[in-house]
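Working notes, structure below.
The values are calculated or read from the model by the stated rules, or taken from the named source; none is laboratory data. Keep in mind that this is a model prediction, so the values were computed, not measured. As a convention, Cβ positions derive from the backbone with ideal geometry for all residues, glycine included, and neighbour counts pool all protein chains shown.
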Amino acid sequence: MAKEEQAGSATEAVTPRLQAFYQETVRPALAKELSQTNPHAIPRLEKIVVNMGVGVAVTEKKHLEEALATLGQITGQKPIATLSRKAVSGFKLREDMPIGCKVTLRGRRMYEFFDRLVSMALPRVRDFRGLSATAFDGRGNYSLGLSEQMVFPEINPDKLSRPQGMNITLVTSARTDDDARALLRAMGLPMKKTEGEEGGAAA
C-alpha cells in the first residue's frame, strides 16, 4: 500500500511536457519578443473551459449522461451539468433544466489537455487547415469549436450514440489579443496567419 502511494505521488510530481516547455522555452522567448522585463507580466495560460451543449437532453436524458461520461474521459476531470437560465415553452425547456456540461481545467490537467488537443485531436479533424487567428474576445481569451468528440483518441466511437460537439475556451493572462496570440502560437496552437501577417510575408 505504501509503495502504491509513493508511486502515485512520484507520478504526480512529474511536470507535464507542455508545462515544462512553457517554463523553459516559451516564457523566455515571449519576454524577449514582447520586451517584457517583469516576469509576472509575461502571458500565461490560466485555465481551459470545455463546454458541451446538449440540447437534445430536453427529451432524451441519456444523451446528457453520455456527454458527461465522454467529457470526463477527454479531460480527466469530473464535469458538472449546466442548467438552462430560462424557460422556453416552444422547446419544452424549463428553467434550471440540465442541458449541457462543462469542465474547468487548471494546472497539470490544463497542460495535459492542451497538449493532447494540439498534438492528437486537431490533427485528426477532417480537412484541417489551421484555426482562425482572430477568434479572441478582446481580453486575450481564445475560443474554438469542435464538431465531434471522436477526434480525441481515448473515445471509442462504437460506444457513442451520436456525435457531440464542444466549445473550448483558452483563458490567458495576456492583456491584449496580440500578446495572447503570440503565447498560444508559441505553445503550438496551429493558427492561420492573419491578413496583415500574410501581407508582410509576401512583401
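Out of the residues in the stretch 94-152 that are part of a loop (DSSP other than H, G, I, E, B) and among the polar types (S, T, N, Q), which is modelled with the highest pLDDT? Give the steps one after another, and end with the answer.
The first filter runs over the stretch 94-152 and keeps only residues part of a loop (DSSP other than H, G, I, E, B), leaving 94-97, 106, 125-130, 132-135, 137-141, 147-148, 152.
Next cut, among the polar types (S, T, N, Q) only: 132, 134, 141, 147.
On the way: Ser132: 94, Thr134: 93, Asn141: 97, Ser147: 88.
Checking each candidate, the answer is Asn141.
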*Of all residues in the stretch 135-179, which are charged (D, E, K, R) and crowded, with 18+ Cβ neighbours inside 10 Å?*
Asp177, Asp179
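Condition check ((1) of a type in the set (S, T, N, Q); (2) within 29 Å of Asn167 (Cα to Cα); (3) modelled with pLDDT under 75; (4) assigned to a helix (DSSP H, G or I)) across all residues:
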| residue | (1), (2), (3), (4) |
| --- | --- |
| Ala7 | no, no, yes, yes |
| Val49 | no, yes, no, no |
| His63 | no, yes, no, yes |
| Thr70 | yes, yes, no, yes |
*If only one of Ala31, Ala41, Ala20, Ala57 is at pLDDT 90 or above, touching a Pro at 6+ places or on another chain (Cβ under 9 Å) and either surrounded by 11 or more Cβ atoms within 10 Å (Cβ to Cβ) or small (Gly, Ala, Ser) (or both), which one is it?*
Ala31
